[in-house]
Number of protein chains: 2
Amino acid sequence: MSDLCQIVLGEKEAPQAWYNIQPDLPAPLSPPLNPATGKPIQPQELAPIFPKGLIEQEMCVERWIDIPDPVLEVYRLWRPSPLRRARQLEKALGTPARIYYKDESVSPPGSHKPNTAVAQAYYNRKEGIRRLTTETGAGQWGCALSFACKHFGLECMVYMVKVSFEQKPFRKSLIRIWGGDILPSPSDRTQAGRKMRETYPDTRGSLGMAISEAVEDAATHDDTNYSLGSVLNHVMLHQTVIGLEAQKQLELAGETPDVLIGCVGGGSNFAGLSFPFIPLKLSGKLDCDIIAVEPTSCPSLTKGLYRYDYGDTVGLTPLLLMHTLGHGFEPPGIHAGGLRYHGGSPLVSLLVDHGVIKPRAYPQNPCFEAAVLFANTEGTVPAPETSHAIRAVVDEALKCKETGEEKCIVFGFSGHGHFDLNAYDAYLEGKLEDYELPDEKIRCALDDLPDYPREGAC
Amino acid sequence: MSDLCQIVLGEKEAPQAWYNIQPDLPAPLSPPLNPATGKPIQPQELAPIFPKGLIEQEMCVERWIDIPDPVLEVYRLWRPSPLRRARQLEKALGTPARIYYKDESVSPPGSHKPNTAVAQAYYNRKEGIRRLTTETGAGQWGCALSFACKHFGLECMVYMVKVSFEQKPFRKSLIRIWGGDILPSPSDRTQAGRKMRETYPDTRGSLGMAISEAVEDAATHDDTNYSLGSVLNHVMLHQTVIGLEAQKQLELAGETPDVLIGCVGGGSNFAGLSFPFIPLKLSGKLDCDIIAVEPTSCPSLTKGLYRYDYGDTVGLTPLLLMHTLGHGFEPPGIHAGGLRYHGGSPLVSLLVDHGVIKPRAYPQNPCFEAAVLFANTEGTVPAPETSHAIRAVVDEALKCKETGEEKCIVFGFSGHGHFDLNAYDAYLEGKLEDYELPDEKIRCALDDLPDYPREGAC
């Protein structure tokens, strides 16, 4: 075993292809459905808002997809990202476990999000698109997309969930430095937004609402496409650089993971780390727990249903088979804005449904407690989203302390919390609420689900 | 020449000793003087506020000083820091120059400051001190010291310049996450602070004032020492890990620097990068311009006098022979708070006086312009302090474009600007003022200098 703290991968060993999990799934993925007809979506139906290159990747069953050179060129600004051994955290916990984290906070926008943002900007630019729209929760995605658009000469329009727009003023600044435009959602720029504001004048917004706005903006402008930062298959695909690098780095360190942990909103950071390990687990070559961590205030994997649902609030997007709390679900305004989404990636959902991935939920206070411990040992202040993974890591490491097991725990450090420090202020002042949703509220949101069988119409 | 973007140094190749420039200076360093007697300070006179280990380093003439293991153990959390090739910036400028930057923004507090904070916390803890006080300008130093104190179980009390305390709310949060305590300076906690508030009720504070408060707090509490983040010899010493690593990394890249650039407030980031190269320059083995960049609003190296002066506003500290604008000088409230200091490191000042280091000053708007260009090419948003170095880099690179010279330009990326984004908001909105100080104002502040010859009383 290596005694290093930083396991660094040379640029020359960086992955040159993304890993597509679709051919390795334990069951075929059900197709997205057209919300009007209920029939499987045809590629050309997605063309008004997505470029062909990404639509192909969305439906692709090839195992490896080459990363284009211009994308690699931008990745080089921060990739390969370091795999770090959390020795100071281990010491503080007194655990025999070895804890590693794949540090995606080193990217210029501070999270894993640019892994897909750069790829998406590239494919859109290649097909002559001039402008991208998107939504953002906590702002990590909006920052990443404006950063990526700047590199490919695209305009970027970000609809930011209103509660986060107010909580995270500096993510706005960052988006503007990279040349992006930004509005709090619901806005008055779109029909969907205006309707929301009329119906719910006090709304704090949600990712689902902001998606409705961004999709409408893209669908109604010829030179404009829409870009999604999570959930979809091509997003999971691009993020696999995380896990592919981590595999090489763990090998360098002489390690095999016993536990893999990531936080889950739409699922892309989690998928990015874990997917390259899943064929090994499915074939029995790797004995590893794979844990997806979400907030108890938005428990789509642990309490939602595995059903067809819309990706947005209004019902503009295709129906996806996924774990969902219902597209009308408006989660409480917790600080981990990136985890406030009613659904989950269809790929992650399928793997949860098959028991390959184990979901787990935590309230936000214990997560911040773990995050402060991390900051006081390893140094870097984690994003509130990331703190969910750290809570699970700490619990797993403490279990090892009880049992004496010397497990290798690897987790995804999805981003830093430099723009979420008012959340820490609130935590340190004891002002954070722990939302445990009453089953009734969840049942009520689920009543509204569109009526399609799991198999869809295919 | 290497074609890499990141030149990474393995942990095993990290420097194990700091480089002390004192034996290699072109002239002996004049000693600090006791402000009461005007006689050279004796080591025991510094003992009420500094530990023996640091006092020895302050006066040491050994060339190499071993880095203690517990310090190396904390350095490993982020060191060796990467040396990066700024290829995207080169491309945007169309310059034949090759631009490298030593990226100190990867430390948990986001700057070079923990290089000395960790060492200082260690030596104080070793000698039984329980609590450290300090001042901070923009907050980089306060963050670094609270981070370091956490690792050695020390309490940390930070006096933060009032204008920065208000401009940078999130540096306060960071200090608190790492367990530090913080007050806006001038505060009512100290006699010096209370006197300032009485005399100048509208003051926005200054580093000099905050130093007076922190020194008084340390001098009046037995278990408490004072810690300074720049200016002093031992601080420059600790920072040399930057330049020592950079030398090895440049060698790996097959490069020899033609130009070395850093921003200067007290001088520690600049010294850290440049000092290890200076003996080579002095001995004629390296033909290299070494440029120190400061703001025109606080031009101590370019317009100050090389004279004995106090380090603080009130006159509590020893007299140091340095470039100074006068200890009573209160610089305008620019956003590069770390550069708002009336004096400069005696070591850097001596080398400027001997023509080894060339100082240069810029107003803040052209610096932010360069910083935004950097963010739009290399990604990371620079601290306002760092933007001064980048302005000079851009100008040097553009000169190369004119002359066709393929120079190797290396600069210190002292920190990121994640907690300075309101400065960028102000810049993008055209609200930043460029202060060019009238000579009269400088002359007036200099009138107040204590009357000692350059040679002091030694």
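The values are calculated or read from the model by the stated rules, or taken from the named source; none is laboratory data. Since we're looking at a predicted model, the values are computed, not measured. Heads up, the Cβs are rebuilt from the backbone with ideal geometry, glycines too, and the neighbour counts pull from every protein chain shown. The protein model used for the area step is the full one, side chains on, heavy atoms only, and it has no ligands, DNA or RNA in it. Shrake-Rupley method; radii C 1.70, N 1.55, O 1.52, S 1.80 Å.
Are any residues in the stretch A:212-257 β-branched (Val, Ile, Thr), closer than 28 Å to A:Asp287 by Cβ and assigned to a helix (DSSP H, G or I), and if so, which ones? Don't jump to the end; show me each part of the working.
Restricting attention to the stretch A:212-257, the residues satisfying the condition of being β-branched (Val, Ile, Thr) are A:215, A:220, A:224, A:231, A:235, A:240-242, A:256.
Now drop any that are not closer than 28 Å to A:Asp287 by Cβ, which leaves A:240-242, A:256.
Within the stretch A:212-257, A:Thr240, A:Val241, A:Ile242 meet the criteria.
The set of residues in the stretch A:1-57 being part of a loop (DSSP other than H, G, I, E, B) and among the basic types (Lys, Arg) consists of A:Lys39 alone. B:Gly304: touching a residue at least 40 places away in the same chain (Cβ under 8 Å), among the small types (Gly, Ala, Ser), under 20 Å from B:Glu440 (Cα atoms) and open to solvent by less than 30 Å² (accessible area, probe 1.4 Å), yes or no? In short, yes.
Can you confirm whether B:Glu294 is outside any loop (DSSP other than H, G, I, E, B), of a type in the set (Asp, Glu) and out of contact with any Lys or Arg (no Cβ under 7 Å at 6 or more places or on another chain)? Considered against the rule, which asks whether it is outside any loop (DSSP other than H, G, I, E, B), of a type in the set (Asp, Glu) and out of contact with any Lys or Arg (no Cβ under 7 Å at 6 or more places or on another chain), B:Glu294 comes out as yes.
Kindly evaluate A:Gly110 against the criterion of being more than 10 Å from chain B (Cβ to nearest Cβ), in contact (Cβ under 8 Å) with a residue 24 or more places away in the chain and open to solvent by less than 10 Å² (accessible area, probe 1.4 Å).
Values: more than 10 Å from chain B (Cβ to nearest Cβ): no; in contact (Cβ under 8 Å) with a residue 24 or more places away in the chain: yes; open to solvent by less than 10 Å² (accessible area, probe 1.4 Å): yes.
No: the conditions fail for A:Gly110.
Being in contact with a Cys (Cβ under 8 Å, 6 or more places away or on another chain) and small (Gly, Ala, Ser) is the filter here, so list the residues in the stretch B:169-193 that pass it. Result: B:Gly179, B:Gly180.
In the set (1) within 19 Å of the chain's Cα centre (by Cα); (2) more than 10 Å from chain A (Cβ to nearest Cβ); (3) open to solvent by 10 Å² or more (accessible area, probe 1.4 Å); (4) β-branched (Val, Ile, Thr), B:Thr133 fails one condition alone, (3).
Out of the residues in the stretch A:356-386 meeting the condition of being charged (D, E, K, R) and farther than 30 Å from A:Leu282 by Cβ, tell me which one is farthest from the other protein chains (Cβ to nearest Cβ). By that ranking, first place goes to A:Glu369.
Given the condition within 23 Å of the chain's Cα centre (by Cα) and hydroxyl-bearing (Ser, Thr, Tyr), answer yes or no: does some residue in the stretch A:186-205 qualify? No, the stretch A:186-205 contains no residue that is within 23 Å of the chain's Cα centre (by Cα) and hydroxyl-bearing (Ser, Thr, Tyr). Considered as a group, the residues in the stretch A:427-439 that are not in a loop (DSSP other than H, G, I, E, B) and not aromatic (Phe, Trp, Tyr) include one that is farthest from the other protein chains (Cβ to nearest Cβ), and that residue is A:Asp439. The set of residues from the stretch B:63-87 being charged (D, E, K, R) and either within 21 Å of B:Ser111 (Cα to Cα) or open to solvent by less than 10 Å² (accessible area, probe 1.4 Å) (or both) comprises B:Glu73, B:Arg76, B:Arg79, B:Arg84, B:Arg85.
Determine whether B:Arg84 is touching a residue at least 40 places away in the same chain (Cβ under 8 Å), farther than 30 Å from B:Ser30 by Cβ and either acidic (Asp, Glu) or within 10 Å of chain A (Cβ to nearest Cβ) (or both). So B:Arg84 fits the description; yes. Going by the structure shown, is A:Gln140 polar (S, T, N, Q) and within 14 Å of chain B (Cβ to nearest Cβ)? Yes; evaluated as a whole, the condition is true for this residue.
Would you check if B:Thr324 is surrounded by 24 or more Cβ atoms within 10 Å (Cβ to Cβ), in contact with an Asp or Glu (Cβ under 9 Å, 6 or more places away or on another chain) and within 28 Å of B:Cys367 (Cα to Cα)?
Working: surrounded by 24 or more Cβ atoms within 10 Å (Cβ to Cβ): yes; in contact with an Asp or Glu (Cβ under 9 Å, 6 or more places away or on another chain): yes; within 28 Å of B:Cys367 (Cα to Cα): yes.
It is true that B:Thr324 is surrounded by 24 or more Cβ atoms within 10 Å (Cβ to Cβ), in contact with an Asp or Glu (Cβ under 9 Å, 6 or more places away or on another chain) and within 28 Å of B:Cys367 (Cα to Cα).
Only one of the numbered conditions (1) open to solvent by less than 50 Å² (accessible area, probe 1.4 Å); (2) part of a helix (DSSP H, G or I); (3) modelled with pLDDT of 95 or more is violated by A:Ile442, and that is (3).
Could you tell me whether any residue of the stretch A:206-221 is open to solvent by less than 10 Å² (accessible area, probe 1.4 Å), closer than 30 Å to B:Gln88 by Cα and within 14 Å of another protein chain (Cβ to nearest Cβ)? Looking through the stretch A:206-221, none of the residues is open to solvent by less than 10 Å² (accessible area, probe 1.4 Å), closer than 30 Å to B:Gln88 by Cα and within 14 Å of another protein chain (Cβ to nearest Cβ).
The residue of the stretch A:144-200 that is most open to solvent (accessible area, probe 1.4 Å), among those that are within 14 Å of another protein chain (Cβ to nearest Cβ) and basic (Lys, Arg), is A:Arg176.
Consider A:Lys12 carefully, then state whether it is within 14 Å of chain B (Cβ to nearest Cβ) and open to solvent by 60 Å² or more (accessible area, probe 1.4 Å).
Working: within 14 Å of chain B (Cβ to nearest Cβ): yes; open to solvent by 60 Å² or more (accessible area, probe 1.4 Å): yes.
It is true that A:Lys12 is within 14 Å of chain B (Cβ to nearest Cβ) and open to solvent by 60 Å² or more (accessible area, probe 1.4 Å).
Suppose we keep only residues that are among the hydrophobic types (A, V, I, L, M, F, W, C) and open to solvent by 10 Å² or more (accessible area, probe 1.4 Å) within the stretch B:88-107. Which one would you say is nearest to the chain's Cα centre (by Cα)? Filtering the stretch B:88-107 for residues that are among the hydrophobic types (A, V, I, L, M, F, W, C) and open to solvent by 10 Å² or more (accessible area, probe 1.4 Å), the one nearest to the chain's Cα centre (by Cα) comes out as B:Val106.
Residue-by-condition table, conditions (1) free of Cβ contacts under 8 Å to residues at least 24 places away in the same chain; (2) open to solvent by less than 20 Å² (accessible area, probe 1.4 Å); (3) of a type outside the set (A, V, I, L, M):
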| position | (1), (2), (3) |
| --- | --- |
| B:Met236 | no, yes, no |
| B:Val241 | no, yes, no |
| B:Thr256 | no, no, yes |
| B:Val264 | no, yes, no |
| B:Gly267 | no, yes, yes |
| B:Lys285 | yes, no, yes |
| B:Asp289 | no, no, yes |
| B:Ala292 | no, yes, no |
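Can you tell me which residues in the stretch A:32-62 are touching a Cys at 6+ places or on another chain (Cβ under 9 Å) and open to solvent by less than 30 Å² (accessible area, probe 1.4 Å)? First the steps, then the outcome.
At the first step, the residues of the stretch A:32-62 found to be touching a Cys at 6+ places or on another chain (Cβ under 9 Å) are A:33, A:39-40.
Selection gives A:Leu33 alone.
Just checking, does the stretch A:408-426 include any residue being away from chain B (no Cβ under 14 Å), in contact (Cβ under 8 Å) with a residue 60 or more places away in the chain and farther than 28 Å from A:Gly304 by Cα? Yes, the stretch A:408-426 has at least one match. Considering the stretch A:245-256 alone, what residues qualify as being touching a strand residue (DSSP E or B) at 6+ places or on another chain (Cβ under 6 Å) and aliphatic (A, V, I, L, M)? Within the stretch A:245-256, A:Ala246, A:Leu252, A:Ala253 qualify.
Exactly one residue among A:Gly412, A:Gly417, A:Gly379 is open to solvent by less than 10 Å² (accessible area, probe 1.4 Å), under 21 Å from A:Ser300 (Cβ atoms) and not β-branched (Val, Ile, Thr), and that residue is A:Gly412.
Test B:Gly229 against the criterion of being surrounded by 22 or more Cβ atoms within 10 Å (Cβ to Cβ) and within 14 Å of chain A (Cβ to nearest Cβ), and give yes or no. Can you show your working first?
Working: surrounded by 22 or more Cβ atoms within 10 Å (Cβ to Cβ): yes; within 14 Å of chain A (Cβ to nearest Cβ): no.
No: the conditions fail for B:Gly229.
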